[in-house]
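Novice: Sharing a structure below in structure tokens format, with a few things to ask.
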Protein chains: 2
Amino acid sequence: MTDTTTLAAPETRSSPEEQSGPVRLVDRSRTALVPATRGRITDGLWAERRRVNREVSLTTGWDRLHEAGNFLNLELAAGQHEGTPYVGSLPFLDSDLYKWLEALAWTLADPDLDAQATAQLEEFLTTSAQVLEAAQAEDGYLDSWFQVNFPGERFVQLAWGHELYCAGHLIQAAVALHRTRGDARLLDVARRVADLVVRSFGSGPGRVDGIDGHPEVESALVELYRETGERSYLDAARFFVDRRGHGLLGGHSFGGHYFQDHAPVREATSVEGHSVRQVYLLAGVADLYVEDGDETLRDAAGRLWHEMVATKTYVTGGIGTHHSDEAFGDPYELTNERSYCETCAAIGSVMFSWRMLMITGEARYADLVERTLYNGFLAGLSLDGQRYIYANPLQVREGHMAGGNDRDYARKPWFKCACCPPNVMRTLASLEHYVVLGGADGLRVHQFVAGSWTAPVGDGEATVSVETDYPWDGRVRVRVEDSPGTWGLTVRVPHWAASATVTVNGDAVTAEPVEGWLTVTRAWAPGDELVLDLPLEPRFTRADSRVDADRASVALERGPVVYCFEAVDNAGHRLDDVVIDVTGPVAVAPTDADLPSDVVTLAAQGHVRPRPAEGWWPYADASAPEPAAGETVTLTAVPYYVWGNRTEGAMRIWTPAE
Amino acid sequence: MTDTTTLAAPETRSSPEEQSGPVRLVDRSRTALVPATRGRITDGLWAERRRVNREVSLTTGWDRLHEAGNFLNLELAAGQHEGTPYVGSLPFLDSDLYKWLEALAWTLADPDLDAQATAQLEEFLTTSAQVLEAAQAEDGYLDSWFQVNFPGERFVQLAWGHELYCAGHLIQAAVALHRTRGDARLLDVARRVADLVVRSFGSGPGRVDGIDGHPEVESALVELYRETGERSYLDAARFFVDRRGHGLLGGHSFGGHYFQDHAPVREATSVEGHSVRQVYLLAGVADLYVEDGDETLRDAAGRLWHEMVATKTYVTGGIGTHHSDEAFGDPYELTNERSYCETCAAIGSVMFSWRMLMITGEARYADLVERTLYNGFLAGLSLDGQRYIYANPLQVREGHMAGGNDRDYARKPWFKCACCPPNVMRTLASLEHYVVLGGADGLRVHQFVAGSWTAPVGDGEATVSVETDYPWDGRVRVRVEDSPGTWGLTVRVPHWAASATVTVNGDAVTAEPVEGWLTVTRAWAPGDELVLDLPLEPRFTRADSRVDADRASVALERGPVVYCFEAVDNAGHRLDDVVIDVTGPVAVAPTDADLPSDVVTLAAQGHVRPRPAEGWWPYADASAPEPAAGETVTLTAVPYYVWGNRTEGAMRIWTPAE
């Protein structure tokens, strides 16, 4: 075990102006856009979610990680306890801790964190770093599940062992801490792990020619290369990407597709298998392209993104249809009942899309990031920050929650497989990095979040502040705070916002958006203000006719927010029986007192189909008259992401339309 | 181990006129209808399926049971081999053998079996009986999985061990052999097992207060009581029914509902959990009611049947929506993509419905038996009798079979969990028993199958022969061969056959069907003929509007046969793109040369929707114009049960309608 007395004191970061986000590009020649160097979220929906994340989720996370045995298993690996291995564990349990540590690291860089909270999180961090150092073996190996259950075993159970997956999350936590604070405690541990991986894997003699069943280490190794400059990490990432798809993982009852091991990524024509694995892999592929310049990787990532989005993505941005293998379905197989839409898959989709946005500069990637953040991702966390949902349904029927079906759809404080909760935490904690990008020709505001951002603009940097109550209000004020001269200030015009308007210092801008971007190039001066007005009229949306699950139905959307009907707001009739009148008005309605007051509630018109009086067989001759339209009703809709926070009951997004 | 030298020679059955089917009622006071005493299927679809079952499936079954290790594991249990336990086994592997033995037993009673085949099946039977006798422990215990893996363990792992489930299938095989041939070899083994169960389970001191995770033994013990007169078997069946629903099985990740252990059957208001377990349990509940007279059991079975059929049954008669737990979904959760519809569940549904038909005399139970046999059940077996399907989808999309999704939908020679193949065999082998029933007021022909049947009619017996090419032709000729005087000859008028007509000796019968039955009471004489003409015009069917998966779609049916569109018959366009014109004609079309020549093929009219020219997001404003109707096409439909016999490709039953 490592001598814990060698612990270095945390350094204060010496160069705060350097980009500190979750992706720091070394070679910027292959991206159209580059990360902002600084960002701060100050107000609105996301500031509130991040406050709850800081104040509630991170501290309850400490408790849950102790209750669930994650700390215990590391202490067992460190020899700090005698006794039997922790039997409740799963091979990836260390990664829960690492994701939570990554969230701590990003949060510690948050200027809104007060001294008391800082002290508490630092104590969490110190305790965690100490147990990791104590548990790490002499040769750098660190994976408590294997150390406790299979002492001395190294990189043998690759298909299911998650050793490199865990290593990847350790690396990401370590990079976050080092990048934001210059604190090398986790980085030292992570480098020893990474060095062991570099020494152990490869195609030469005595090396393991293998890959991990769960991608994750690929992105992490690229990031570690970015943080340290050590090219062997980049080489290892390339090895893992290149060797995937050659059947190294052996068989699987779901087929090699489950692991994306059925075809090399450059040859794959569709996203397949376990959806988290797939998008994590593709995020790593995108990272590798940026530093490595292999255009076949960029092309594969773009091709697979488009296949995924056009045929395998829910209106919420959620991905993954199947429960049994947490996997993508066939093209257009997007059933709402039993939609899987794992929260982690939404996070992985954001990671992947955000990288593609930087590489290509195409607004559609930011459109999907926005949709996924406000819907498929945010639904994974309760409003109080203490309960999570693993699989996010687009429809829950009457009686489901009380019935015998699996209860994946109930919000829970933690899970046996607790991948999602700390993944939500690290995403919220680093969210300021997903808002603004810079580039040769200017600065792009691609998400509409209140706060301030600094981004590279040509050879200099520009700073803007954003004031908005988006997504509840469509006005987004972008104020120039610091300007390097003449540059383009670009705002994204979402694909649903055809009638958006822009003014600069009060004057209308007549330029039309080009492929989702509207750019105003001028000699920007501090105090100049660009105002984007996005149309937030509620709108009914229909699906491609090949999506069988949505046939003759509509979804209700307003801005980037997908709405749902929840039983608690629509008492007196079953959601199963409701039909929407798409020609009727949709109005803003009072918001339930048990929801945050800023949430916009909508009221639509419809009616309730009467239940058949009698009958044992639910199929009838198609030429028989349909049951008459029943009672006319006003239907109350709330944003999908707030569902399941009040009572457990029926809910649906897609609703029959007339 | 039992001394194999004590093997008794098979007796020839002394009283062939006694009822020999899979259910022999002891107390007939609680059933409206009683089983036929003799039946023989001579022609048509079912005769052909039974020929293939005899000639192909049973003999390949012998090979598969050897290849898969079922025999090996019993030989290990018998101490006939040294070496390591058979690691590929599952706890219920003995039951595969038992179901196949039951199929052998029914087949050996088939008058169409030739001498050579008889000799081969008898050799199979003798070999099997010998290994079972050798493997059985002194105390009667027989379960090779436990004997090999947990020697000496008895009835401890009840939730997953399947010991009583296996015992139940052994009993059913033994009863079939004894009932048809008077051959007691298996019955002696089975009684020793049953006696051990009777001694071991109960609520008294030293007894195991437990139930099996998989119902099956309940029906079997009632049957064993019927065969032997030993009331302790009936008492044990009652114990297992009564004790279910009290949480004895402990927790389960899917909840106690999975095992139907969440509520006592008398209190349950809905079918829940694993669908095979649920219908096997309810078949046993129905059996218990008949012999035991507990009307709360009858009421529960009827209530749950209606809930199942009205809200959780596919148009094919298939049941079970979920893959992950092979379970019923919520009411109206009947997704076609990923419909589970396990073949064994269809068989269990037939077992349950047939018992309810006898108890109540209500035709709807026979309607569901018919629908399930021709569709959800028959689809589980390939036309060549050598490949099976475990989960029966109602829809398979383009590319699914080549893609990465689970391949449950490909027909395979056998399975690791091979419950379905021998279950199909035993069902086909005993099918003559599911056709005609007798009763106080006459004889009822409830299924339309060519052959001859004898059934109790009042105090006597009547014999009828049936001539028909149903389901391809709607004419069913029922000829009286032997008559005890005046009685009612009843034919079922299926719920879809409103315009059915009946003649007797050529004269029209003006009586209307009453609740699905049409009865002609007269002094029937040998040679009298009742002719039922059923309308077989193809018809489009729609689903209850609460079935989201079928919205704005239709199924095409003809008689009891549900049709599907298969890619192999509809080359040149994707089934995903097809829309049916329900106002257009549907005609009989030539049948593909690779299908049996008697299969009726249909041709419907429709068109192909053009694919969107471009687009990354499959959702659009609902007020935008729908894509124009595309090319007009003729769509070829084949009976669902023949799908997947030619090429692996797309298939769908429910199709968008205009």
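The values are calculated or read from the model by the stated rules, or taken from the named source; none is laboratory data. Every value quoted in this text rests on a predicted model; they were computed, and no experiment measured them. Using ideal geometry, Cβ is built from the backbone for each residue, glycine included, and neighbour counts are taken over all protein chains shown. Keep in mind that these areas ignore ligands, DNA and RNA; they rest on the heavy atoms of the full protein, side chains included. Shrake-Rupley method; radii C 1.70, N 1.55, O 1.52, S 1.80 Å.
Novice: Kirkwood Rh, chain B, all Cα pairs: how many Å? Display every interim value, and only then the final one.
Specialist: Values: mean 1/r = 0.0390 Å⁻¹.
Final number for the Kirkwood radius of chain B is 25.7 Å.
Novice: Quick one: of A:Lys416/B:Lys312; B:Lys312/B:Lys416; A:Lys99/A:Lys416, which pairs are farther than 22 Å apart, Cα to Cα?
Specialist: Details: A:Lys416/B:Lys312 31 Å; B:Lys312/B:Lys416 28 Å; A:Lys99/A:Lys416 16 Å.
Where the Cα-Cα span goes over 22 Å, the pairs concerned are A:Lys416/B:Lys312; B:Lys312/B:Lys416.
Novice: Per-residue ellipticity at 222 nm for chain A, helices alone: DSSP H runs ≥ 4 residues times -39500 (n - 2.57), over residue total, nearest 500 deg cm²/dmol? Display every interim value, and only then the final one.
Specialist: Values: 16 runs with 206 residues, N = 658.
Computed ellipticity for chain A at 222 nm equals -10000 deg cm²/dmol.
Novice: Provide the solvent-accessible area of A:Glu75, counting protein heavy atoms only and rolling a 1.4 Å probe, rounded to the nearest 10 Å².
Specialist: Per-residue accessible area (A:Glu75): approximately 40 Å².
Novice: Can you work out the PRE-style zone for B:Ser29? Point 7 Å along Cα to Cβ, and I want the residues of the range B:283-320 with backbone N under 12 Å.
Specialist: Residues B:291-294 fall inside that zone.
Novice: I'd like the residues of the range B:506-548 whose 1.4 Å-probe accessible area shrinks by no less than 50 Å² going from the isolated chain to the full set of protein chains.
Specialist: Residues of the range B:506-548 that lose at least 50 Å² of accessible area once the other chains are added: B:Arg542, B:Ser545, B:Arg546, B:Asp548.
Novice: Something else: Counting only protein heavy atoms, what percent of the accessible surface of the range B:257-417 is carbon or sulfur at a 1.4 Å probe? Please list the in-between numbers first.
Specialist: Details: 1510 of 3050 Å².
Exposed carbon and sulfur together represent 50 percent of the surface.
Novice: May I ask you to derive the FRET efficiency for A:Asp63 and A:Glu658 from their Cβ-Cβ distance with R0 = 35 Å, giving the value to the nearest 0.05?
Specialist: The value I calculate is 0.10.
Novice: Which residues, if any, in the range B:589-633 have at least 50 Å² less accessible area in the whole protein complex than in the isolated chain, probe 1.4 Å?
Specialist: Buried-area filter returns B:Arg609, B:Trp616, B:Trp617, B:Pro618, B:Tyr619, B:Ala622.
Novice: Additional query: With a 1.4 Å probe, what is the total accessible area buried between chains A and B, in Å² rounded to the nearest 100?
Specialist: Values: alone 24070 and 24100 Å², together 41930 Å².
Rounded to the nearest hundred, the buried surface is 6200 Å².
Novice: Is the C-alpha gyration tensor of the range B:186-290 telling us rounded, prolate or oblate? Criteria: a/c under 1.5 is rounded; beyond that, a/b larger than b/c is prolate, otherwise oblate.
Specialist: Values: a/c = 2.02, a/b = 1.52, b/c = 1.33.
Verdict is prolate for the range B:186-290.
Novice: If you count only protein heavy atoms and use a 1.4 Å probe, how large is the accessible surface of B:Asp299, to the nearest 10 Å²?
Specialist: The accessible area comes out at roughly 80 Å².
Novice: Calculate the FRET efficiency for B:Asp112 and B:Lys412 from the Cβ-Cβ distance with a Förster distance of 45 Å, rounded to the nearest 0.05. Provide the component values of the computation, followed by the final result.
Specialist: Details: r = 29 Å, r/R0 = 0.63.
My answer for the efficiency is 0.95.
Novice: Among A:Met351, A:Leu33, A:Val547, flag the residue with its Cα farthest along the positive direction of the charge dipole of chain A, charges on Cβ as +1 for Lys/Arg and -1 for Asp/Glu.
Specialist: Projecting each Cα onto the dipole axis, the largest value belongs to A:Val547.
Novice: Counting only protein heavy atoms, probe 1.4 Å: which residues of the range A:335-379 lose 30 Å² or more of accessible surface in the full assembly compared with their chain by itself?
Specialist: Checking the loss per residue gives A:Thr335, A:Glu337, A:Arg338, A:Arg364.
Novice: For A:Ala327, list long-range residues whose amide hydrogen, built 1.01 Å from N in the peptide plane, is under 5 Å from its own amide hydrogen.
Specialist: Those lying under 5 Å, H to H, from A:Ala327 are A:Ser275, A:Thr321, A:His322.
Novice: Right, something else. Averaged per residue, what accessible area in Å² does chain B show with a 1.4 Å probe, protein chains only?
Specialist: On the way: 20980 Å² over 658 residues.
Spelled out: the 1.4 Å probe surface of chain B, per residue, equals 32 Å².
Novice: Ignoring ligands, DNA and RNA, what percent of the accessible area of the range B:444-595 is carbon or sulfur (1.4 Å)?
Specialist: Values: 2620 of 5620 Å².
Carbon with sulfur: 47 percent of the solvent-accessible area.
Novice: So, one more: Which chymotrypsin sites (Phe, Trp or Tyr not before Pro) from the range A:254-298 combine a DSSP loop assignment with at most 12 other Cβ atoms within 10 Å?
Specialist: Numbers: sites: A:Phe254, A:Tyr258, A:Phe259, A:Tyr280, A:Tyr289; in loops: A:Phe254.
Answer by residue number: there is no such site.
Novice: Label position 7 Å from Cα toward Cβ: report the copy-to-copy distances for A:Val588 in nm, one decimal, ordered from shortest.
Specialist: 6.6
Novice: Turning to a different aspect of this structure: In the full protein assembly as shown, how much of A:Phe150 is accessible to a 1.4 Å probe, in Å² to the nearest 10?
Specialist: 70
Novice: When the accessible area of the range A:37-119 is split by element with a 1.4 Å probe, what percent falls to carbon and sulfur?
Specialist: Working: 1580 of 3190 Å².
Here it works out to 50 percent.
Novice: Could you tell me the largest-minus-smallest coordinate of the C-alpha atoms of the range B:436-533 on each of the three principal axes, in descending order and whole angstroms?
Specialist: For the range B:436-533, the Cα extents along the three principal axes come out at 34, 25, 23 Å.
Novice: Residue by residue, what Karplus-based ³J(HN,Hα) values in Hz, rounded to whole numbers, does the range A:576-590 have, using 6.51, -1.76 and 1.60 with θ = phi - 60° and x for Gly and Pro?
Specialist: Each residue's phi maps through the Karplus curve to give 4, 9, 8, 10, 8, 8, 6, 8, x, x, 10, 10, 6, 10, x Hz.
Novice: Return, for the Cα atoms of the protein assembly as shown, the radius of gyration and Dmax in Å, separated by a comma.
Specialist: 33.8, 110
Novice: Another question, if that's okay. To check my understanding: the extent here is largest minus smallest coordinate of the Cα atoms along each principal axis. What are those three numbers for the range B:269-387, in Å, largest first?
Specialist: So the three principal-axis extents are 41, 31, 21 Å.
Novice: The range A:539-656: Rg/Rh from Cα coordinates, Kirkwood Rh?
Specialist: Working: Rg = 15.3 Å, Rh = 15.4 Å.
Using Cα coordinates only, the ratio equals 0.99.
Novice: A follow-up question, please. With the cut-off at 1.5 for a/c, could you classify the range B:148-237 from its C-alpha gyration tensor as rounded, prolate or oblate?
Specialist: Working: a/c = 1.97, a/b = 1.51, b/c = 1.30.
Because a/c hits 1.5 or more and a/b exceeds b/c, the range B:148-237 counts as prolate.
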